[in-house]
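Reading through the structure tokens given below for one structure.
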There are 2 protein chains.
Amino acid sequence: MYIGIDLGGTNIAVGLVSEEGKIISSASTPTLAQRPYQEIVADMGRLSQKLIADAGYKTEQIKGIGIGSPGTVDNEHGIVTYSNNLPFANTPLAAELNKYLDIPVNIENDANAAAYGEYVATGAKSDSFIFITLGTGVGGGIVLGGKIYRGFNCAGGELGHFTMIAGGEPCTCGNRGCWESYASVTALIRQTEAAMKANPESLMHKIAEEEGKISGRTAFRAEDLGDEAGRAVVDKYIEYVATGIASMVNIFQPETIVIGGGISKEGDRLLIPIKELVNKMDYNKYMPKTEIQIAKLYNDAGIVGAALAARK
Amino acid sequence: MYIGIDLGGTNIAVGLVSEEGKIISSASTPTLAQRPYQEIVADMGRLSQKLIADAGYKTEQIKGIGIGSPGTVDNEHGIVTYSNNLPFANTPLAAELNKYLDIPVNIENDANAAAYGEYVATGAKSDSFIFITLGTGVGGGIVLGGKIYRGFNCAGGELGHFTMIAGGEPCTCGNRGCWESYASVTALIRQTEAAMKANPESLMHKIAEEEGKISGRTAFRAEDLGDEAGRAVVDKYIEYVATGIASMVNIFQPETIVIGGGISKEGDRLLIPIKELVNKMDYNKYMPKTEIQIAKLYNDAGIVGAALAARK
């Protein structure tokens with residue numbers, strides 16, 4: 001049995017996870033990100049202890065604790081080197097958590113943990129696996145030969161920050177034209193807003209009003225109702241996503257690519273055109289092709305991946 | 001001692017290579033690419049036998065033969081699955097070469113072999129190594145944990161074919177806006193031609209006339225002489241190269257990136273501004289940075305890399 005902790009800017013989610021990656025029980029509490037890290041870790045410790053006790057286990061029966069944390073992680077020393085979203089700077093999360101539970105702690109970057117969770121969910125057989133999340137940003141994780149690929153400095157796998165349209169839209173990272181600045185939900189909302197301005201007759205206005213906001217779903221819902229402007233937004237957005245995925249295919253020729261994040265809930269209407277576009281852009285015309293799938297674990301990927309990455 | 005064979009569309013280059021990657025002797029012959037593959041392999045065999053005998057070795061003292069071939073290579077079975085430039089389709093190069101020399105044969109894609117050669121030339125210590133050639137196209141090779149990364153289908157590492165300007169210049173691969181279509185020598189010549197048309201007073205006209213053609217060197221030589229239009233071409237070209245390298249950095253955070261190909265002979269005047277631009281675009285601000293270097297082996301990389309990849 002393992003403990004997996006998905007540490008987010010908003011919530012700390014903790015799960016008791018079986019060897020096979022099944023979540024037995026879970027709990028969460030607000031992160032309150034501006035607290036000293038000791039208090040955040042104390043909450044992780046208490047929630048873990050409670051889950052273990054409530055399930056009738058003893059601490060000795062837990063083989064490892066995994067944390068998925070935002071930021072750059074020094075996996076070897078159990079330290080979060082730096083995080084944008086949490087007040088971490090060379091923060092010894094593993095040592096601090098060991099004050100509450102004397103169990104080996106493994107820390108991964110949160111996107112890497114989620115990638116590892118989705119890798120396990122596909123059967124953990126893929127030789128080369130890439131996970132992409134379409135959320136507030138575009139995140140990614142790479143699993144090669146069954147191991148999380150971190151780069152030499154543990155800062156690798158920022159797939160959302162390759163340049164897709166040089167000189168294009170400004171990105172949160174300070175560059176212009178990153179994949180993220182076209183394929184994130186944030187970008188989709190911006191694209192939806194622009195289309196609404198240009199098309200005052202579009203059903204997107206009515207949908208946004210009913211839902212109280214313009215969201216990543218607005219254009220998709222409008223397309224459902226036959227709205228042309230909504231369809232154009234969806235088509236263009238899917239093209240942006242597919243162009244980035246095709247780039248990953250040409251670089252890695254991975255056995256498997258899994259798409260997660262909020263937008264992935266659109267399922268086949270997203271997946272089918274993406275597969276078609278990527279197939280066209282794939283440099284490889286003669287060898288077996290990358291399998292592209294929608295994520296299976298979704299929000300649970302972080303807990304499961306963090307827990308199972310602690311297995312080794 | 002090893003034999004390394006760099007099989008190109010124009011020439012077959014063969015070298016006798018020491019365990020440490022030193023070329024002891026070498027020879028070459030035209031590929032005459034339209035011949036049956038048996039004739040091409042017969043030339044490889046004869047050249048290898050001659051080099052071995054001339055150096056006073058016996059066949060039994062050669063531990064392995066490596067071939068770097070264009071196209072998609074099935075390394076496990078010693079087959080070239082497909083090549084654009086040579087008449088290969090599931091061609092059993094290894095078995096055919098064994099008719100001449102009863103030595104284990106290892107086949108790699110030519111860009112991967114060159115990458116491995118440059119990896120060895122840097123001391124073979126880099127945890128994660130990326131090689132980029134700026135030539136007729138933009139080629140690449142990835143060496144992770146000391147091993148050539150091939151992708152699950154042996155077609156990986158087409159670094160020149162990630163999309164850098166979606167919808168941009170048409171690329172030889174059929175897509176638009178690939179890195180190759182901005183950062184290859186072919187692209188640089190196109191950019192030079194366009195600048196010459198727009199700037200009839202530019203020194204590039206005189207330089208091209210003297211050299212008998214517009215080449216990848218024309219704009220660089222014009223800049224040497226203080227030509228503004230030449231400088232603008234060079235600056236923009238360097239920006240294209242750097243944008244792609246920064247994308248590789250954000251994806252891989254590799255320990256080392258080596259730049260090869262004809263243009264790499266420009267040395268520091270290419271390397272220094274590239275380093276500066278990549279540093280700015282690097283998503284990683286807090287961890288150690290990728291080391292970017294100019295290739296050391298240049299044209300010998302294919303022979304050395306093919307030979308030493310046969311070591312294992």
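The values are calculated or read from the model by the stated rules, or taken from the named source; none is laboratory data. All values reported here derive from a predicted model rather than from experimental measurement. No Cβ is skipped: glycine too gets one built from the backbone with ideal geometry, and neighbour counts run over all protein chains shown.
Listing for the model above:
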{"quantity": "Selection within the stretch A:131-175 - among the hydrophobic types (A, V, I, L, M, F, W, C), more than 10 Å from chain B (Cβ to nearest Cβ) and in contact with a strand residue (DSSP E or B) (Cβ under 6 Å, 6 or more places away or on another chain)", "calculated": "A:PHE131, A:ILE132, A:VAL143"}
{"quantity": "Pairs where the first residue, in the stretch B:142-162, is without any contact (Cβ under 8 Å) to a residue 24 or more places away in the chain and the second is surrounded by 24 or more Cβ atoms within 10 Å (Cβ to Cβ) and of a type in the set (A, V, I, L, M, F, W, C), C-beta under 6 Å, 6+ apart", "calculated": "B:TYR149/B:ILE142; B:GLY151/A:PHE252; B:GLY156/A:PHE252; B:HIS161/B:CYS178"}
{"quantity": "Meets criteria (part of a helix (DSSP H, G or I), more than 8 Å from every other protein chain (Cβ to nearest Cβ) and either closer than 30 Å to A:LEU277 by Cβ or of a type in the set (Phe, Trp, Tyr) (or both)) for B:THR186", "calculated": "yes"}
{"quantity": "Residues located in the stretch A:270-293, provided they are farther than 30 Å from B:TYR82 by Cα and either at pLDDT below 95 or assigned by TED's automatic domain parsing to the domain that holds A:GLU76 (or both)", "calculated": "none"}
{"quantity": "Where a residue in the stretch A:283-301 is without any contact (Cβ under 8 Å) to a residue 12 or more places away in the chain and its partner, wherever it lies, is outside any strand (DSSP E or B) and of a type in the set (Phe, Trp, Tyr), with Cβ under 8 Å and at least six apart", "calculated": "A:PRO288/B:PHE152"}
{"quantity": "Residues (under 27 Å from A:ARG221 (Cα atoms) and buried (at least 18 other Cβ atoms within 10 Å of the Cβ)) located in the stretch A:278-292", "calculated": "A:VAL278, A:ILE292"}
{"quantity": "Exclusive hit being part of a helix (DSSP H, G or I), in contact with a helix residue (DSSP H, G or I) (Cβ under 9 Å, 6 or more places away or on another chain), surrounded by 18 or more Cβ atoms within 10 Å (Cβ to Cβ) and not polar (S, T, N, Q), set B:TYR116, B:TYR100", "calculated": "B:TYR116"}
{"quantity": "Hits in the stretch B:119-130 (condition: more than 12 Å from chain A (Cβ to nearest Cβ) and in a loop (DSSP other than H, G, I, E, B))", "calculated": "B:THR122, B:GLY123, B:ALA124"}
{"quantity": "B:GLU169 being under 30 Å from B:ASP127 (Cα atoms), in the same structural domain as B:LEU134 (by TED's automatic domain parsing) and not aliphatic (A, V, I, L, M)", "calculated": "no"}
{"quantity": "Scope the stretch B:8-28; condition more than 20 Å from the chain's Cα centre (by Cα) and among the polar types (S, T, N, Q); matching residues", "calculated": "B:SER18, B:SER25"}
{"quantity": "Members of the stretch B:139-164 found to be among the aliphatic types (A, V, I, L, M), closer than 18 Å to B:PRO70 by Cβ and modelled with pLDDT of 95 or more, listed by number", "calculated": "B:ILE142, B:ILE148, B:LEU159"}
{"quantity": "Listing of strands (runs of 3 or more DSSP E) fully contained in the stretch B:29-84 that carry 1 or more residues being aliphatic (A, V, I, L, M) and in contact with a Cys (Cβ under 8 Å, 6 or more places away or on another chain)", "calculated": "B:72-74"}
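Results for (1) closer than 22 Å to A:TYR119 by Cα; (2) surrounded by 14 or more Cβ atoms within 10 Å (Cβ to Cβ), shown as yes or no for each residue.
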{"residue": "A:THR10", "(1), (2)": "no, no"}
{"residue": "A:VAL14", "(1), (2)": "yes, yes"}
{"residue": "A:LYS22", "(1), (2)": "yes, no"}
{"residue": "A:SER25", "(1), (2)": "yes, no"}
{"residue": "A:THR29", "(1), (2)": "no, yes"}
{"residue": "A:ALA33", "(1), (2)": "no, yes"}
{"residue": "A:PRO36", "(1), (2)": "no, no"}
{"residue": "A:GLY45", "(1), (2)": "no, yes"}
